[in-house]
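Asks: The following block contains the structure, expressed as structure tokens.
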Amino acid sequence: MALSEERVLEALRTVMDPELGKDLVSLGMVGEIRLEGGRVDLLIQLTTPACPLKGQIEAEIRRALAPLGLEEVRVRFGGGVRPPEQYPLPGVKHVVAVASGKGGVGKSTVAANLALALAREGAAVGLLDADLYGPSQAKMFGLEGERLKVDPQRRILPLEAYGLKVLSIANIVPPGQAMIWRGPILHGTLKQFLEEVNWGELDYLVVDLPPGTGDVQLSLTQLTRVSGGVIVTTPQEVALIDAERAADMFKKVQVPILGVVENMSHFLCPHCGQPTPIFGQGGGRRLAERLKTRFLGEIPLTLAVRESGDQGRPILVTAPESPEAEAFQKAARELAGALSVQSFIALPMA
């Protein structure tokens with residue numbers, strides 16, 4: 001039987017998207033088929049550039065097309081982050097809140113590197129430092145001392161670093177000044193940071209929330225539609241108690257929980273590379289199981305992660321091929337996959 005586009009499409013109907021549970025053809029993900037002799041060139045349009053199962057999809061495509069006797073199969077991936085029916089903010093497709101029930105678990109480090117990892121996958125990403133009492137993103141991105149500017153419409157222009165748009169209260173108030181603010185002032189400041197900022201076109205706006213479950217968290221959910229929340233914890237039981245409270249907060253304000261990141265999962269010795277579970281093992285995974293959500297990954301505790309943050313150049317910038325950076329990259333892909341599935345459920349494919 002002669003090779004044809006119809007035969008290729010029929011074979012691709014057997015290839016399922018592992019996240020969405022439907023075949024590539026019915027999902028509209030087969031963007032282009034080019035036949036030349038015994039060769040086929042495919043363009044597969046993914047629902048997110050950070051698809052965590054890209055390799056699996058390609059392997060399934062090759063397996064499905066094998067019976068056709070093709071000399072060569074070329075698979076290219078395209079596509080961008082799928083927009084929601086209604087944008088939460090002008091130009092912003094998804095608002096992702098990163099939370100922890102307590103301080104000291106490395107939430108800001110996780111938020112910074114998740115944002116960078118999403119950008120490395122080809123997404124347009126912004127980072128909002130909503131930890132108004134203890135802002136740290138300006139320090140972590142080498143933006144201390146930089147002042148914010150406004151556009152002709154008097155909207156705040158975020159600063160830029162390493163391909164991200166970054167906004168922090170630290171770039172407005174003098175260094176070291178305490179934010180002794182009550183709820184209404186916090187609400188007003190966050191409202192300004194969301195509604196009076198020219199974010200441009202973003203696939204993801206990652207919001208670094210303060211520890212706990214207080215005014216800022218509540219204000220965020222009142223001021224915009226949050227696509228989902230990420231819980232950051234360390235493995236030990238004391239941290240998990242408060243992480244579970246952060247998860248409960250998301251549930252009560254009807255924000256989907258996208259997954260759990262276990263930070264400081266184990267200490268990696270800089271000399272021998274041996275992992276040591278200083279804070280115990282498996283706590284984050286067990287929490288994800290209890291919450292019936294994804295376990296996004298384990299981030300090791302290393303000297304390089306701490307030093308890179310202190311130097312204003314996160315580990316995704318200083319050592320993008322390191323085990324630590326790869327752990328963040330994997331977590332970001334899982335996060336993007338969770339958002340992709342959620343978008344598919346919320347809005348039928350075109």
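Asks: Which of the residues spanning region 19-40 are in contact with a helix residue (DSSP H, G or I) (Cβ under 6 Å, 6 or more places away or on another chain), without any contact (Cβ under 8 Å) to a residue 40 or more places away in the chain and part of a loop (DSSP other than H, G, I, E, B)?
Replies: Those that are in contact with a helix residue (DSSP H, G or I) (Cβ under 6 Å, 6 or more places away or on another chain), without any contact (Cβ under 8 Å) to a residue 40 or more places away in the chain and part of a loop (DSSP other than H, G, I, E, B): 24, 25.
Asks: For region 210-225, which residues satisfy the criterion of being surrounded by fewer than 20 Cβ atoms within 10 Å (Cβ to Cβ) and under 16 Å from residue 184 (Cα atoms)?
Replies: 214, 215, 218, 221, 222, 223, listed by residue number.
Asks: Across region 184-209, what is the number of residues that are assigned to a loop (DSSP other than H, G, I, E, B), surrounded by fewer than 23 Cβ atoms within 10 Å (Cβ to Cβ) and not polar (S, T, N, Q)? Even if it seems obvious, please write down each step before you answer.
Replies: Initial filter on region 184-209 (assigned to a loop (DSSP other than H, G, I, E, B)): 196, 198-201, 209.
In the following step, the residues that additionally are surrounded by fewer than 23 Cβ atoms within 10 Å (Cβ to Cβ) were identified as 196, 198-201.
Still in the running and not polar (S, T, N, Q): 196, 199-201.
So the count comes out to 4.
Residues are listed down the side, and each one gets a yes or a no for (1) in contact (Cβ under 8 Å) with a residue 40 or more places away in the chain; (2) of a type in the set (D, E, K, R); (3) in contact with a His (Cβ under 9 Å, 6 or more places away or on another chain):
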| site | (1), (2), (3) |
| --- | --- |
| 119 | yes, no, no |
| 123 | yes, no, no |
| 126 | yes, no, no |
| 150 | no, no, no |
| 155 | yes, yes, no |
| 182 | no, yes, no |
| 192 | no, no, no |
| 201 | yes, yes, no |
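Asks: Would you please name the residue that is farthest from residue 45 (Cα to Cα), looking only at residues in region 56-87 that are crowded, with 16+ Cβ neighbours inside 10 Å and among the small types (Gly, Ala, Ser)?
Replies: The selected residue is 64.
Asks: Considering region 120-147 alone, what residues qualify as being buried (at least 24 other Cβ atoms within 10 Å of the Cβ), in contact with a Leu (Cβ under 9 Å, 6 or more places away or on another chain), outside any loop (DSSP other than H, G, I, E, B) and of a type in the set (A, V, I, L, M, F, W, C)?
Replies: The answer is 125, 127, 128.
Asks: Can you tell me how many residues within region 47-67 are within 21 Å of residue 343 (Cβ to Cβ) and either in contact (Cβ under 8 Å) with a residue 40 or more places away in the chain or assigned to a strand (DSSP E or B) (or both)?
Replies: The number of residues fulfilling the criteria is 8.
Values quoted throughout were computed directly from the atomic coordinates according to the rules given, and no laboratory measurement underlies them. Note that the structure is predicted; figures quoted are calculated from it, not measured. All Cβ positions, glycine included, derive from the backbone under ideal geometry; neighbour counts span all protein chains shown.
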